[in-house]
1. Given the condition at pLDDT 85 or above, surrounded by fewer than 24 Cβ atoms within 10 Å (Cβ to Cβ) and within 30 Å of Pro247 (Cα to Cα), answer yes or no: does some residue in region 53-67 qualify?
2. Determine the pairs where a residue that is under 16 Å from Gly60 (Cβ atoms), located within region 95-115, has a partner that is hydroxyl-bearing (Ser, Thr, Tyr) and buried (at least 23 other Cβ atoms within 10 Å of the Cβ) with Cβ atoms under 9 Å apart, the partner being 6 or more residues away or on another chain.
3. Enumerate the pairs (first residue in region 184-202 and within 14 Å of Trp91 (Cα to Cα); second residue anywhere and of a type in the set (Ser, Thr, Tyr) and assigned to a helix (DSSP H, G or I)) with beta-carbon separation below 7 Å, excluding pairs fewer than 6 apart on the same chain, so at least 6 apart or on different chains.
4. Under the condition of being of a type in the set (D, E, K, R) and touching a residue at least 40 places away in the same chain (Cβ under 8 Å), which residue from region 122-151 is farthest from Phe41 (Cα to Cα)?
5. Determine which member of the set Leu214, Leu206, Leu263 is at pLDDT 85 or above, farther than 19 Å from Trp136 by Cβ and touching a Pro at 6+ places or on another chain (Cβ under 9 Å).
6. Among the residues of region 169-176, is there at least one that is in contact with a helix residue (DSSP H, G or I) (Cβ under 8 Å, 6 or more places away or on another chain), buried (at least 19 other Cβ atoms within 10 Å of the Cβ) and modelled with pLDDT under 90?
7. Val200 passes all but one of (1) farther than 20 Å from Gly18 by Cα; (2) within 18 Å of the chain's Cα centre (by Cα); which number fails?
8. Check off (1) under 25 Å from Leu150 (Cα atoms); (2) in contact with a helix residue (DSSP H, G or I) (Cβ under 8 Å, 6 or more places away or on another chain) for Asp86 and give me the number that stays unchecked.
Amino acid sequence: MDEVVLLAVMAAMLLVLGAFAGILAGLLGIGGGIILVPAFFYVFSALGYDSPQLMQICLGTSLATIVVTSLRSVMAHHKKGAVLWDILKSWSPGIVLGAVIGVFVAAALRSELLQAIFGVLAICVGLFLAFGRAHWRVSDDMPGLGLRSLLSTALGFLSVLMGIGGASFGVPIMTLFGVAIHRAVATAAGFGVIIAVPSVIGFLFLNVTGAPPLTIGAVNLPAFALVVSMTVITTPIGASLAHRLAPIPLKRFFGGFLIIVALKMLAEVFG
């Protein structure tokens, strides 16, 4: 396929993808990365890119979009006074450490193993979305230094291996420790920035082969620009719809959808 035609096809697919990811992120209060990573994978695969490092490109590009969307989100939540900055500050060192370790581990793994990791963790997130309950609690207080260090490092590490921001793991953790859901969502947006910035810097320096056009390191610039341009427009639409639609059936539906996508990725690895 001619490179100009290839770029045009990819642009059209990514615009649709970005619009869809933005609506779902606004509608369900989850980060777009958990939607974008499998979508990038299938878009690039459909266009003929089967690099052994394809998942690294999907992770790096997804995290690049999260830098922009999470920063925009946390500033919007800050204006409403919903961000718990003390939690954000105390969890930041562990999250950064986990994110940096995650980049080194992701760089060393083959695409198939990263697919498998994404699939397993996405099933866990999907099950929580489908069956989790708002009243579940481990404690009424956030964890102390020891447990906080462990959880924050794990959060950063696993988020990078999935190419996602802080919401998918951060919101459940905070709500289980007594943080109100709207404050957990707002604070988790800050987690996304802390995860994405150091990890994207690392992914920009990865040496990958067989990448789509205009890829620097493991970050595809057209995918980044097109998806961000659409999520900025459509995320507020999703947030507006969230106030009109019942959230519990939507989360259960998306949890089921995510489990199906994850199982499909696992089937490709092990089938």
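1. Going through region 53-67, the residues at pLDDT 85 or above turn out to be 53-67.
Keeping just the survivors that are surrounded by fewer than 24 Cβ atoms within 10 Å (Cβ to Cβ) gives 53, 67.
Next, from what is left, pick out any that are within 30 Å of Pro247 (Cα to Cα): 67.
Yes, that holds for at least one residue.
2. Listed by first residue and then by second, the contacts come to Ala99/Ser159; Ala99/Ser199; Val100/Ser199; Gly102/Ser159; Gly102/Ser199; Val103/Ser199; Ala106/Ser199.
3. Filtered contacts from region 184-202: Ala184/Thr175; Ala189/Ser70; Ala189/Ser73; Gly192/Ser70; Val193/Ser70; Ile194/Ser92; Ile195/Ser159.
4. Initial filter on region 122-151 (of a type in the set (D, E, K, R)): 133, 137, 140-141, 148.
When the remaining residues are screened for being touching a residue at least 40 places away in the same chain (Cβ under 8 Å), the result is 137, 148.
Values: Arg137: 35, Arg148: 33 Å.
Looking at residues that are of a type in the set (D, E, K, R) and touching a residue at least 40 places away in the same chain (Cβ under 8 Å), I get Arg137.
5. On the way: Leu206 fails: touching a Pro at 6+ places or on another chain (Cβ under 9 Å); Leu263 fails: touching a Pro at 6+ places or on another chain (Cβ under 9 Å).
Answer to the check: Leu214.
6. Narrowing region 169-176 to residues in contact with a helix residue (DSSP H, G or I) (Cβ under 8 Å, 6 or more places away or on another chain): 169-175.
Add one more test, that the residue is buried (at least 19 other Cβ atoms within 10 Å of the Cβ), and what stays is 169-171, 173-175.
With the extra rule that they be modelled with pLDDT under 90, the set shrinks to 171.
So far as region 169-176 goes, yes, one or more of its residues are in contact with a helix residue (DSSP H, G or I) (Cβ under 8 Å, 6 or more places away or on another chain), buried (at least 19 other Cβ atoms within 10 Å of the Cβ) and modelled with pLDDT under 90.
7. In the conditions (1) farther than 20 Å from Gly18 by Cα; (2) within 18 Å of the chain's Cα centre (by Cα), Val200 misses (1) alone.
8. Failed condition: (2).
The values are calculated or read from the model by the stated rules, or taken from the named source; none is laboratory data. Keep in mind that what you see is a predicted model, and the values were worked out from it rather than measured. Reconstructed Cβ throughout: ideal geometry from the backbone, glycine too, with neighbour counts over all protein chains shown.
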